[in-house]
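Chemist: Structure in structure tokens, see below.
The values are calculated or read from the model by the stated rules, or taken from the named source; none is laboratory data. Since the model is a prediction, treat every value here as computed from it, not as a measurement. Cβ sites come from the backbone with ideal geometry, for glycine too, and all protein chains shown count toward neighbours. Ligands, DNA and RNA are stripped out before the accessible areas are found, and what is left, the full protein with its side chains, is counted by its heavy atoms. Shrake-Rupley method; radii C 1.70, N 1.55, O 1.52, S 1.80 Å.
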Amino acid sequence: MAVVLDGKKLAKSIEEELLGRVEKFKQKSGRVPLLATILVGNDPSSATYVKMKGNACARVGMLSRRIELPQSTTTKELLDVIEGLNNDPSVNGILLQHPVPKQIDERAAFDSIALEKDVDGVTCLGFGRMAMGERAYGSATPAGIMKLLDHYNIEIEGKLAVVVGRSPILGKPMAQMLLNRNATVVICHSKTKDLPALISQADIVVGAVGRPEFIKGEWVKEGAVVVDAGYHPEKVGDIDLTVAATRASAYTPVPGGVGPMTISTLITQTMDSAEAHL
Ligand code: NAP
């Protein structure tokens with residue numbers, strides 16, 4: 001029977017620990033850690049994700065400041081809002097919900113977030129520092145996945161990890177984090193040839209494709225560790241888990257695997273940022 005990598009359970013225990021850290025911080029500083037969230041436009045999924053992040057802050061006693069900008073927002077307007085938050089000492093972390101409307105230069109917006117407030121790990125500077133093994137907040141989803149793997153003592157060193165997807169917030173940092181931990185990493189993308197053959201050799205498979213059940217369970221090697229970062233409205237991920245779970249030694253369920261770890265990593269890094277400036 002495969003081990004279920006239960007992100008929901010781990011995230012809950014991390015939140016319980018955070019409650020104590022927030023309380024101590026309040027007593028020492030007289031302040032409350034604060035995450036600023038920015039939602040641009042009216043994408044309903046993005047609105048739900050931002051709401052979930054705000055709710056998580058409330059559960060651990062942190063504050064969240066919700067900033068909502070219209071669909072027509074320009075890059076300059078967004079950069080001005082971020083600059084204001086960078087300069088506001090009461091703000092410990094800034095989350096800009098991805099994706100932003102097409103007219104906005106998302107990379108410029110991400111990169112305008114001050115490194116010490118980049119608790120979602122989206123800046124080029126943070127990525128570069130992480131890649132070089134320097135201190136930086138990791139991109140929340142892959143950093144959450146690493147925590148989950150570590151919690152369940154999944155061996156990474158020397159393993160062949162196949163990451164399907166190379167987005168700046170997920171696939172690329174995921175591959176780099178696995179490489180930092182001495183996995184041998186193959187990164188797959190839309191131009192990759194013979195994906196099934198590559199996946200069938202993997203000791204660790206990470207699905208970050210953005211297409212429901214795109215990775216077939218039959219492609220997964222017996223005994224592999226299966227991480228499904230995808231989430232779709234039909235409550236499935238990027239991997240066909242009904243079959244993959246019968247072959248894997250361990251797997252992340254959807255929902256209840258990677259998603260809760262993303263949020264818990266975001267609020268943990270907000271706490272870290274607050275403590276760093278105590
Ligand atoms: P994305 O920006 O759309 O990137 C998708 C990646 O998949 C791209 O690198 C793309 O390759 C690759 N791809 C597309 N078609 C492919 C194919 N046929 N074969 C191999 N690779 C292919 O998506 P994302 O933001 O990384 O998100 C990926 C998934 O994770 C989505 O399901 C999303 O909902 C989920 N997600 C979950 C969380 C969470 O907290 N649980 C957070 C973020 C995202 P190219 O680069 O060549 O285009």
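Chemist: Before anything else, pin down the relative contact order of the range 1-157: Cα pairs under 8 Å, at least 6 apart, normalised by residue count, whole percent. Intermediate values should be presented prior to the final figure.
Modeler: Numbers: 196 pairs, mean separation 32.9, N = 157.
Answer for the range 1-157 is 21 percent.
Chemist: Restricting to bridges with both residues inside the chain, how much of the DSSP beta-bridge set is antiparallel, in percent to the nearest 5?
Modeler: So the antiparallel bridges in the chain amount to around 0 percent.
Chemist: Right, something else. So what is the accessible area of the range 30-117 per residue, in Å², with the probe set to 1.4 Å? Mind showing how you got there, number by number?
Modeler: Working: 4160 Å² over 88 residues.
Per-residue accessible area for the range 30-117 comes out at 47 Å².
Chemist: To one decimal place, what Kirkwood hydrodynamic radius in Å is obtained for the range 140-258 from all pairs of distinct Cα atoms? Mind dumping the intermediate values first?
Modeler: Details: mean 1/r = 0.0732 Å⁻¹.
Over the range 140-258, the inverse of the mean reciprocal pair distance is 13.7 Å.
Chemist: Separate question: Cross-link list 191/221; 51/235; 76/172; 12/53; 12/216: which exceed 24 angstrom alpha carbon to alpha carbon? Intermediate results must be reported in sequence, preceding the final value.
Modeler: Values: 191/221 22 Å; 51/235 18 Å; 76/172 27 Å; 12/53 14 Å; 12/216 30 Å.
As for pairs spanning more than 24 Å Cα to Cα, those are 76/172; 12/216.
Chemist: Go through the range 56-67 residue by residue and turn each phi into a ³J(HN,Hα) via Karplus (6.51, -1.76, 1.60, θ = phi - 60°); whole Hz please, and just put x for glycine and proline.
Modeler: Taking θ as phi minus 60°, the curve returns 5, 4, 4, 4, 9, x, 8, 9, 10, 10, 8, 10 Hz for the range 56-67.
Chemist: Report, by chain and number, residues whose modeled amide H sits under 5 Å from the one on residue 65, excluding near sequence neighbours (fewer than 5 apart, same chain).
Modeler: 35, 36, 37
Chemist: If one computes P(r) from the Cα atoms of the range 30-117, what percent of pairs lie at distances over 18 Å?
Modeler: Numbers: 1576 of 3828 pairs.
The proportion of pairs with Cα distances above 18 Å equals 41 percent.
Chemist: Okay, next question. Would you mind telling me the share, in percent, of accessible area of the range 140-258 contributed by carbon and sulfur at probe 1.4 angstrom?
Modeler: Working: 2710 of 5170 Å².
Heavy-atom surface of the range 140-258 belonging to carbon and sulfur, 1.4 Å probe: 52 percent.
Chemist: Here is a further query. Whose amide H sits under 5 Å from the amide H of residue 183, counting only residues 5 or more places off or on another chain, with H placed in the peptide plane?
Modeler: Correct list: 158.
Chemist: On to the next question. Determine the dipole magnitude for the range 169-278: charges of +1 sit on the beta-carbon of Lys and Arg, -1 on that of Asp and Glu, nothing else is charged, the reference point is the Cα centre, and the result goes in debye to the nearest 20. Write down the numbers at each step before the final one.
Modeler: Working: 9 positive and 11 negative charges, 57 e Å.
Rounded to the nearest 20 debye, it is 280 debye.
Chemist: What is the chain's relative contact order, in percent, from Cα pairs under 8 angstrom and six or more apart in sequence?
Modeler: Details: 559 pairs, mean separation 60.7, N = 278.
This gives 22 percent for the chain.
Chemist: Please get the size of the charge dipole for the chain, origin at its Cα centre, with Cβ charges of +1 on Lys and Arg and -1 on Asp and Glu, quoted in debye to the nearest 20.
Modeler: On the way: 31 positive and 32 negative charges, 43 e Å.
Computed about the Cα centre, the dipole is about 200 debye.
Chemist: Work out the P(r) tail for the chain: percent of alpha carbon pairs separated by more than 26 Å, whole number. Show your work: numbers first, answer last.
Modeler: On the way: 16131 of 38503 pairs.
Across the chain, Cα pairs with separations above 26 Å total 42 percent.
Chemist: So with the 1.4 Å probe, I'd like the accessible area per residue for the range 140-258, rounded to whole Å². If you can, show how the numbers build up before the last one.
Modeler: Values: 5170 Å² over 119 residues.
Per residue, the range 140-258 has an accessible area of 43 Å².
Chemist: Moving to a separate point now. Roll a 1.4 angstrom probe over the protein heavy atoms and tell me the percent of accessible area of the range 30-117 that is carbon or sulfur. Walk me through the intermediate numbers first.
Modeler: Details: 2340 of 4160 Å².
Using a 1.4 Å probe with all protein chains present, the range 30-117 comes out at 56 percent carbon and sulfur.
Chemist: Let me ask you something else. From the C-alpha coordinates alone, can you work out the Kirkwood hydrodynamic radius of the range 225-278, in Å?
Modeler: Values: mean 1/r = 0.0792 Å⁻¹.
12.6 Å is the Kirkwood radius here.
Chemist: Residue by residue through the range 225-236, what is 3J(HN,Hα) from phi via Karplus (6.51 cos²θ - 1.76 cosθ + 1.60, θ = phi - 60°)? Round to whole Hz and write x for glycine and proline.
Modeler: 9, 10, 10, 10, 8, x, 8, 10, x, 7, 6, 10
Chemist: Another question about this same structure. Whose amide H sits under 5 Å from the amide H of residue 105, counting only residues 5 or more places off or on another chain, with H placed in the peptide plane?
Modeler: 75
Chemist: Here is a follow-up. Tell me which of 63, 44, 78 sits at the most positive position along the dipole axis of the range 30-117, charges placed on C-beta atoms (Lys, Arg +1; Asp, Glu -1).
Modeler: After comparing all options, I get 63.
Chemist: HN-Hα J couplings of the range 145-152 from phi, Karplus 6.51/-1.76/1.60, θ = phi - 60°, integer Hz, Gly and Pro as x?
Modeler: Couplings: 5, 4, 4, 5, 4, 5, 4, 8 Hz.
Chemist: Also, I was wondering about something else. Under 16 Å Cα to Cα from residue 9, which lysines show up? Leave out anything in the same chain fewer than 8 places away.
Modeler: Within reach: 147.
Chemist: Hey, another quick one. Please compute the contact order of the range 30-117 in relative form: average sequence separation of alpha-carbon pairs under 8 Å and at least six residues apart, divided by the residue count, as a percent. Kindly include the intermediate steps, with their values, before the conclusion.
Modeler: Details: 125 pairs, mean separation 35.0, N = 88.
Relative contact order of the range 30-117: 40 percent.
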